[in-house]
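So the structure is just underneath, and the comments pick up after that.
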Amino acid sequence: MSLWQQLGAISGAAGVGFAAYGAHAKIDENARRSFGSANQMHLFHSIVLLTLSQDKPSVTGPLFALGTLFFSGNIYYNSITGEKSRFSRLAPVGGILLMAGWVSCLF
């Protein structure tokens, strides 16, 4: 099992934990929707990491891993705490990294 597949497995397990938390957390409806979107992206890209081909991991793996961390991590934090983190500007960067990960699959 490659490093990226291992990371995908750990990320998937964390995503399930976040899903359970989000389903039962005392957060407002807007935060719950944002949390759900972050969780959906987190779990989806965990699956991608699990299935990542051995010929593309050097570029694609880091793009998906960092993109998921920056995008979902910031939205999780904002939804749970109700405040912006000093790293909130990384959420759009995370989205761009996820898109770049998909584009890197072309090459």
Going by the alpha-carbon gyration tensor, a ≥ b ≥ c the square roots of its eigenvalues, is the range 1-46 rounded (a/c under 1.5) or, if a/c is not under 1.5, prolate (a/b greater than b/c) versus oblate? prolate
Residue 83 versus residue 44: modelled label distance in nm, points set 7 Å from Cα along the beta carbon direction: 3.1
To the nearest 10 degrees, the tilt of helix 90-104 (Cα long axis) against the first principal axis of the alpha carbons of the chain is 30
Rounded to the nearest whole Å³, what is the per residue volume of the convex hull around the Cα atoms of the range 49-93? 62
What is the spin-label model distance, in nm, from residue 107 to residue 28 if the labels are put 7 Å beyond Cα along the C-beta direction? 4.3
Separation between the residue 37 and residue 1 pseudo-spin-labels, each 7 Å from Cα along Cα→Cβ, expressed in nm? 3.2
Could you state the per residue volume, in Å³, of the convex hull enclosing the Cα atoms of the range 18-80? 59
Semi-axis lengths, Å, the chain, gyration tensor of Cα atoms, sqrt of 5 times eigenvalues: 25, 15, 9
Which angle between 0 and 90 degrees, to the nearest 10, do you get for helix 57-81 versus the longest principal axis of the chain when only C-alpha atoms count? 0
In percent, how large is the relative contact order of the range 1-78, given Cα pairs closer than 8 Å and 6 or more residues apart? 43
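None of the figures in this text is laboratory data; all of them are computed from the coordinates on show. These figures come from a predicted structure and were not determined experimentally. Neighbour counts run over all protein chains shown; Cβ positions are idealised from the backbone, glycine included.
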